[in-house]
Every structure is written in C-alpha cells, then in structure tokens.
1. When the Cα atoms of the range 13-64 are enclosed in a convex hull and the volume is divided per residue, what value in Å³ results?
2. Which chymotrypsin sites (Phe, Trp or Tyr not before Pro) does the range 1-103 hold that lie in a coil by DSSP with at most 14 other beta carbons within 10 Å?
3. Please give me, ordered by residue number, the GluC sites (Glu not before Pro) of the range 88-121 that lie in loop per DSSP and have at most 14 other Cβ atoms within 10 Å.
4. If the only charges are +1 at each Lys and Arg Cβ and -1 at each Asp and Glu Cβ, what is the size of the charge dipole of the chain around the Cα centre, to the nearest 20 debye?
5. Filter the trypsin sites (Lys or Arg not before Pro) in the range 23-76 down to the DSSP loop ones having no more than 16 other Cβ atoms within 10 Å, then list what survives.
6. Could you go through the range 44-51 in sequence order and give the Karplus-derived ³J(HN,Hα) for each residue, using 6.51 cos²θ - 1.76 cosθ + 1.60 with θ = phi - 60°, rounded to whole Hz, and x for Gly and Pro?
7. Mind listing the phi-derived Karplus ³J(HN,Hα) values for the range 59-64, rounded to whole Hz, using 6.51, -1.76 and 1.60 with θ = phi - 60°, and x for any glycine or proline?
8. In nm, give the distance between the simple-model label positions of residue 18 and residue 55, each being 7 Å from the Cα along the Cα-to-Cβ direction.
Amino acid sequence: MTETDKSASAASPLDQFLCFSVYAAGLAFNRVYKPLLDRYGITYPQYLAIIALSARDGQKVSELGERLFLESNTLTPLIKRLEAAGLVSRRRDEHDERIVRVSLTDTGRALATEAQACIPAEILKASGLGENELRALNQQMTALGASLRGAV
C-alpha cells in the first residue's frame, strides 16, 4: 500500500462522496458570499434572484422559481422582502391577471450592476482557480445538475 493509498483509506468516508464535496463547497461558498452581500443588505438567494432578473427582467414568478430551482413557498417571501427593500416590483400580467411578473426597480438594477462588477472577481480570487479552470468546473457542475434533475 502506498502513502497515498494509506491516506485515502484513513480519510473520512464522507470524503469519498461527491455529494458531500458539493455540499461542503456550497457551505464554503455561502461563507465567502455573506460578507460580500452584506454590504448590499441582501442574502445569497436574493442575489441570485436579482441577477436572474437583470438578465431577463419582467419574468413570471413561476419562471423565476424554475430558473432558481425554488418552490413558490420559498420564492414568494424572498420576492416580498426584495420588494419591501425597494429592489423589485410585482405586477399582474396585462393579458392574464393570474400571472404575477417581477421586475427590478431602478435601485435593484443599480445594485445588480454594481454587484456584478465586483463580486465575480472576488469569488474567482477566493476559489484559487484560474478563469478557464473555474469555467470548466462550472460547465461540469451544470451538466451534473442537469443529469441529476433528469434522473428524478
């Protein structure tokens, strides 16, 4: 048995699970994002909603939920908090009043622009990876997520 084999067998069984590695990396991401987002007074899920809306404003609540993989019982309070903070507005669809659309306010759009100008660089720096490495990892994780969602 080599030194590498010994250290691998002595490692925690959790270290052999990709799902645990992804979970642990997610927690580490949250710790890195928190101080970056605290300066804007938003949480990570709120940040994701703002970024999704900056890419395509005026989305249906259901579309935003699908994009963020959030159920309506999680998404609705999130949107209400963003609305109370003056970052988004909700309105009924002109053609179908059952549909609610969410749009960034001018304040929300400015926050999205400012955050996108600095946060990705901070995350890249914290990752310890190069841009190409991070891009490749992101593509792999996106493909993995799509495969896992397709398996259920």
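1. Details: hull volume 5.2 nm³, N = 52.
With only Cα atoms used, the range 13-64 gives 99 Å³ per residue.
2. Numbers: sites: 17, 20, 23, 29, 33, 40, 47, 69; in loops: 17, 40, 69.
Sites meeting the loop and neighbour criteria: 17, 69.
3. Working: sites: 94, 97, 114; in loops: 94, 97.
Sparse-neighbourhood loop GluC sites (Glu not before Pro): 94, 97.
4. On the way: 18 positive and 18 negative charges, 71 e Å.
My answer is approximately 340 debye.
5. Of the trypsin sites (Lys or Arg not before Pro), the ones in loops of the range 23-76 whose Cβ has at most 16 other Cβ atoms within 10 Å are 39, 56.
6. Result, ordered by residue: 4, x, 5, 4, 4, 5, 5, 5 Hz.
7. For the range 59-64, the Karplus curve yields 6, 5, 4, 5, 5, 4 Hz.
8. Taking the simple label geometry, residue 18 and residue 55 are separated by 2.2 nm.
Bear in mind that the values in this text are calculations on the coordinates, not laboratory data. A quick note: this is a predicted structure, and the numbers were derived from the prediction, not measured. Note: ideal-geometry Cβ built from the backbone for every residue, glycine included; neighbour counts use all protein chains shown.
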